[in-house]
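See below for the structure under consideration.
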Amino acid sequence: MSIDKPLSARHLTALGFAGALMMASAMGFGRFSFTPILPGMMANVPLSAGDAGIVAAGNFAGYLAGAVLAAYSWGSGRERLVALSGLFATGALLLAMAAFNSVAAFTVIRFLAGIASALTMIFTSQIVIGHAVKAGRDNIQALHYGGVGAGIAISSLAVYLIGVVFDGGGASWREEWIAGAVFSFLTFMLVFRILPAGPPRHASAVAEPPLSWTRPLFLTTSAYGLFGFGYVITATFIVAIARMAAAGVFVEFLAWFITGCAAAVSLFLWKPLLRAQGLKRAFVIVLAVEAVGVFASVMLPPVSGVLMGGLLLGLTFMVITAYGLQLGREFAGPSPRRA
């Protein structure tokens, strides 16, 4: 399909759902399913809290590396290939997690999974959002990014149900990784025919100049980086916190399930604030709400803490991601793809 040809309304809607599925696989499973699976791994591999932190750090380092790689021009004209390759790699790396039980192997696999999830998210978003903007369909962007939350919710439900089948002892952590791999491979088959060759040509055909680090861009990038550092503990350990507090298997499931459900609808829910306050103020307000959630996860009593922390995390982290990327492109001037 020529990427210059406008998509029909039906194809654009299908593309929005395809993008949501890819985000669910690459991010909801590929990046974040470690959170609900972690307590079982800590008990049965076993892993210490320090070990878990090392494995999680490997994934975040990989995600950062993937994001940096995506900023260069090598992917221009190859968006579909990179997005689908990253999605397939996500499935393979989820499967690989079930085959090992050493911290070193887990860390390497999660590092590579971080790269794969970043490349899939970024290049899929270029395609989906590019066509949505061209068609003036803002709702497609919210649908696309909502896939991350849907993936988190589905992964938490899958982990819970698999745990029920295996008597909830956490010994089913290998099967839980395999379930994520199956979801990703099924997604690959579903989206293969739907995903266009790339974004509209006018969005990627002209080579961009090097990025100019103006003060607004530097401050936005710094805030975005601090946001990532700030929510990583909650996003990684919230289910483990519930396990350590003996809150019960259902509370463990519910904390992460609420996070995913809230994230799935978060961009829709914050839209009135965006219209009333504008992008810059909305970005700051949502950051403040997320900070409250991080404090709540550790300062409130265990059950209410993980549930409130999960809710506020879900309501904010994808909104901050979307708004931060929009601000970065705005402040990047003639180099939006490099932001």
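Annotations for the structure displayed:
- Number of residues in the range 195-224 that are within 22 Å of Ala322 (Cβ to Cβ), surrounded by 12 or more Cβ atoms within 10 Å (Cβ to Cβ) and modelled with pLDDT of 75 or more equals 13.
- Residues that are in contact with a Lys or Arg (Cβ under 9 Å, 6 or more places away or on another chain) and among the aromatic types (Phe, Trp, Tyr) within the range 65-103 comprise just one, Tyr72.
- Residue count for the range 39-52, restricted to those that are part of a helix (DSSP H, G or I) and surrounded by fewer than 17 Cβ atoms within 10 Å (Cβ to Cβ): 4.
- Taking the numbered list (1) more than 24 Å from Met42 (Cβ to Cβ); (2) without any contact (Cβ under 8 Å) to a residue 12 or more places away in the chain; (3) not aliphatic (A, V, I, L, M) in turn, Phe100 passes all entries but (1).
- Checklist (1) of a type in the set (A, V, I, L, M, F, W, C); (2) crowded, with 17+ Cβ neighbours inside 10 Å; (3) outside any helix (DSSP H, G or I); (4) at pLDDT 90 or above applied to Ala242, failing item: (3)
- Annotation note: of Gly314, Gly305, the sole residue that is in contact with a Gly (Cβ under 8 Å, 6 or more places away or on another chain), in the same structural domain as Val232 (by TED's automatic domain parsing) and part of a helix (DSSP H, G or I) is Gly314.
- Unique match (being closer than 30 Å to Leu84 by Cα and touching an Asp or Glu at 6+ places or on another chain (Cβ under 8 Å)) among Pro199, Pro209: Pro199
- Selection from the range 13-38 of residues that are of a type in the set (Gly, Ala, Ser) and either assigned to a loop (DSSP other than H, G, I, E, B) or out of contact with any helix residue (DSSP H, G or I) (no Cβ under 8 Å at 6 or more places or on another chain) (or both): Ala14, Gly30, Ser33
- For the range 165-188, the condition holds for no residue, the condition being that it is within 21 Å of Phe268 (Cβ to Cβ), assigned by TED's automatic domain parsing to the domain that holds Ala56, touching a Leu at 6+ places or on another chain (Cβ under 6 Å) and of a type in the set (Gly, Ala, Ser).
- Breaking point among (1) assigned to a helix (DSSP H, G or I); (2) touching a residue at least 12 places away in the same chain (Cβ under 8 Å), for Pro334: (1)
The values are calculated or read from the model by the stated rules, or taken from the named source; none is laboratory data. Just so it is clear, the structure is predicted and the values come from calculations on it, not from any experiment. When we count neighbours, we look across all protein chains shown, and the Cβ atoms used for this are built from the backbone with ideal geometry, even at glycine.
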